[in-house]
């Protein structure tokens, strides 16, 4: 029997379905779940339904699930390996990770591999400097790390904070602020949770194999067939498996999947299998599908799988909503026309005149319209509501959901949303 004619769904106890959905949502929200601490309940549910989860994840998004006594780890691969709209973010400062911070994060993991059960922030920094000094490729790429440089110390601190957040490190004594201040008066001491360190990296192969083969593909084409034999490109079942993984990954991870972004083969497959695949993703993860001619969006009514919300409280959320509504009007009045960034900044300047007294103080500072506009556009890009082009901003179909039916000076974002 093929996917074109799936077997009738077997009756499953509603309580079991609910537990499976809870477990899958926990993994989608946090792909690294330690068995102890705040994630103990989620880990226990994942372990209880591990057999079903492994089978479903392997069949549909082609993701691997590792479960042991210490941790559950979902090895997710995005539908779009070039998507840069969802970087890691330092929770303390709200700053997104730069390329340098990602590089230091990887080097910090390498340093921890060579450490004892405990280490300090200073020792991690020293080991990173040794790695860079011994690696000409890192030097040629322009990566430097100088403890006398405040920005570079801050980059390392943000990388270490992320490892603390994941539970890979546990702070035993001190904190990062003294290291950041560069006084040398004290250091932070950490315990290393080695079971988490062992499963941290998400790689399609061993480091030695990757080094020999060069940069691996992260797309569905890298998925081997169940037998382990890599089938020739274009071979029927392998092709369908790759396409199925690409589509379901987008359903689970991306705000919108536009059919215009698909290849001809992917569009044809989606046309044949849309009902089945959408139902599988929606039922398994508790999502609400919205199918339109332009594409498919999966809404999360509970909201805990959504990292960026619209509308959202606060100045940035309000600005983003107002800009989305304005861009929806632009798209309606001039279909297909790009909107210059300067026009967005001018519009935000008008919004500051109207709403600035209710926004945070720096929203009224000189040049704030450029910063607020850039932040709003980045949010909307991450939500797949716009696309940046050489000519400016191209509003996408989903932004039409935010078409305005009110005056510009209405101020309550929770009452402003009007879906076209």
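Here's the yes/no breakdown for (1) in contact with a strand residue (DSSP E or B) (Cβ under 9 Å, 6 or more places away or on another chain); (2) touching a residue at least 24 places away in the same chain (Cβ under 8 Å); (3) closer than 30 Å to residue 25 by Cα:
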{"site": "298", "(1), (2), (3)": "yes, yes, yes"}
{"site": "303", "(1), (2), (3)": "no, no, yes"}
{"site": "317", "(1), (2), (3)": "no, yes, yes"}
{"site": "327", "(1), (2), (3)": "yes, yes, no"}
**OP:** Kindly indicate whether residue 122 is farther than 30 Å from residue 23 by Cβ and not in a helix (DSSP H, G or I).
**Re:** no
**OP:** Provide a single number: the residues in segment 357-377 that are surrounded by fewer than 18 Cβ atoms within 10 Å (Cβ to Cβ) and either at negative phi or touching a residue at least 40 places away in the same chain (Cβ under 8 Å) (or both).
**Re:** 12
Original post:
Looking at segment 80-89, is at least one residue within 27 Å of residue 12 (Cα to Cα) and surrounded by 13 or more Cβ atoms within 10 Å (Cβ to Cβ)?
Top reply: no
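The rows are residues; the columns are (1) in contact with a helix residue (DSSP H, G or I) (Cβ under 9 Å, 6 or more places away or on another chain); (2) surrounded by fewer than 20 Cβ atoms within 10 Å (Cβ to Cβ); (3) under 23 Å from residue 300 (Cβ atoms).
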{"position": "16", "(1), (2), (3)": "yes, yes, yes"}
{"position": "53", "(1), (2), (3)": "yes, no, yes"}
{"position": "70", "(1), (2), (3)": "yes, yes, no"}
{"position": "74", "(1), (2), (3)": "yes, no, yes"}
**OP:** Name the one entry in 233, 335, 340 that is modelled with pLDDT of 95 or more and loosely packed, with under 15 Cβ neighbours inside 10 Å.
**Re:** 340
Original post:
Does segment 134-149 hold any residues that are in a helix (DSSP H, G or I) and surrounded by 12 or more Cβ atoms within 10 Å (Cβ to Cβ), and which are they?
Top reply: 138, 139
**OP:** Test residue 275 against the stated conditions and say whether it is outside the structural domain of residue 50 (by TED's automatic domain parsing), surrounded by fewer than 19 Cβ atoms within 10 Å (Cβ to Cβ) and part of a helix (DSSP H, G or I).
**Re:** yes
**OP:** Quickly run through segment 165-191 and pick out the residues that are assigned to a helix (DSSP H, G or I) and in contact (Cβ under 8 Å) with a residue 12 or more places away in the chain.
**Re:** 165, 166, 176, 179, 180
**OP:** Only residues that are within 21 Å of the chain's Cα centre (by Cα) and either modelled with pLDDT of 95 or more or part of a helix (DSSP H, G or I) (or both): list them for segment 299-320, please.
**Re:** 316, 317, 320
Original post:
Hey, any hits in segment 243-257 for a residue that's within 15 Å of residue 61 (Cα to Cα), at pLDDT below 95 and outside any strand (DSSP E or B)?
Top reply: yes
Original post:
Here are some residues: 193, 173. Which one is crowded, with 19+ Cβ neighbours inside 10 Å, farther than 12 Å from residue 104 by Cα and out of contact with any helix residue (DSSP H, G or I) (no Cβ under 8 Å at 6 or more places or on another chain)?
Top reply: 193
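The values are calculated or read from the model by the stated rules, or taken from the named source; none is laboratory data. It should be emphasised that the depicted structure is a prediction, and the values quoted were computed from it without experimental measurement. Counting neighbours? That spans all protein chains shown, and the Cβs are built from the backbone with ideal geometry, glycine included.
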